[in-house]
Structures are given as structure tokens and as C-alpha cells.
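The values are calculated or read from the model by the stated rules, or taken from the named source; none is laboratory data. Remember, it's a predicted structure, so these values are computed and weren't measured experimentally. As a convention, Cβ positions derive from the backbone with ideal geometry for all residues, glycine included, and neighbour counts pool all protein chains shown.
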Amino acid sequence: MRPLKLLLAFIVAFAAVSVWIWMPKDLEGKLPENLPKEAVIADGIVVESKEALFDNGKGYVIVVRSSMGFDETIKAIEDEFESKGMEFEKNGPSGSEERFASFDAKIGDRHEAIEVIGNSSGVIVNHAVHMLEWFMK
């Protein structure tokens, strides 16, 4: 009976450690310390930032309320990609009352996806930075 209890204790401890390691952390509105310097983050107020689990590893989701209008935000993101010499793909803008555009870029061996959404309430920029690592420092 004792080996069964030890096995059960090991399974519970392993599950607890696994959940602790894999659970995405809330970064409380701060940019991640190990965010690649090549990542393009829109100017404005960070309203949400957290670790995320993607199908290809961990990464970050960062939501910014842009300090600029929709067209200016799009232009600033394009200019920053170009100034860093990064290749990117742009889709949009589209829509009339609610406008939408997206970007996909390769950051070295990592990936960044950006969505820009603008309406009468302002401009929100969603960043998904795929670090392509299962264990982040």
C-alpha cells in the first residue's frame, strides 16, 4: 500500500509543478523583460500584457491603446518595421465604421502578429509575439 501512496504523491507533485511552469503569467501591464528588441510595439498605453501558450511554444500577448489615430498607427508600425529592415506582410486596412489591419513579421527566428482595430472609441493594437520556445527565461 505504501508504494501506491508514494506514486500518488509523486503524480500530484508532478502535476502541480507542471501547472506552475506552464501557466501563463500576467505581466500587469508591463512589457516583458526578454521581449526581442526587434519587436514592434505601438506607441500608447499598455492595457494588458501576459504570457501566452501558442501551438509552437510560449510567447506574449500585449494590448496597447494607441496614442494616435488609426491611419497614423498603421503608418508608424510600417515605418518601424522598415527602419529595422524587417520583412512584413500587411493586410488591410478594411472596414468603414470599425477599421481593421494586420501585420505578420519574422523577428529573427521568432514571429510577431499585429492587429490594429480602430473605431469611434479609439485605436487598439493587439500584439502576439511568438517566442518559439517552450521554456522562457
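Of all residues in the stretch 77-103, those satisfying the criterion of being under 26 Å from G57 (Cα atoms), out of contact with any Asp or Glu (no Cβ under 6 Å at 6 or more places or on another chain) and assigned to a loop (DSSP other than H, G, I, E, B) are G85, M86, E87.
Quick one: in the stretch 21-49, which of the residues that are assigned to a strand (DSSP E or B) and among the acidic types (D, E) is nearest to D71 (Cα to Cα)?
Among those that are assigned to a strand (DSSP E or B) and among the acidic types (D, E), it is E48.
Every condition in (1) assigned to a strand (DSSP E or B); (2) crowded, with 17+ Cβ neighbours inside 10 Å; (3) not acidic (D, E) is met by K106 except one, and the failing one is (2). Within the option set S96, S83, being under 16 Å from I41 (Cα atoms), surrounded by fewer than 15 Cβ atoms within 10 Å (Cβ to Cβ) and without any contact (Cβ under 8 Å) to a residue 24 or more places away in the chain holds for one residue only, S83.
The requirement of being closer than 22 Å to K30 by Cα and at pLDDT below 90 is fulfilled nowhere in the stretch 85-106; no residue meets it. Out of I41, I62, I77, one residue alone is touching a Pro at 6+ places or on another chain (Cβ under 9 Å), modelled with pLDDT of 90 or more and surrounded by 11 or more Cβ atoms within 10 Å (Cβ to Cβ). It is I62.
Those residues that are part of a strand (DSSP E or B), in contact with a Gly (Cβ under 9 Å, 6 or more places away or on another chain) and among the hydroxyl-bearing types (S, T, Y), I need them from the stretch 50-76; list them, please. Write out each step before concluding.
The initial filter retains those residues of the stretch 50-76 that are part of a strand (DSSP E or B), namely 50-54, 57-66.
From what is left, the residues that are in contact with a Gly (Cβ under 9 Å, 6 or more places away or on another chain) are 51-53, 64-66.
Of everything in the stretch 50-76, just one residue is part of a strand (DSSP E or B), in contact with a Gly (Cβ under 9 Å, 6 or more places away or on another chain) and among the hydroxyl-bearing types (S, T, Y), namely S66.
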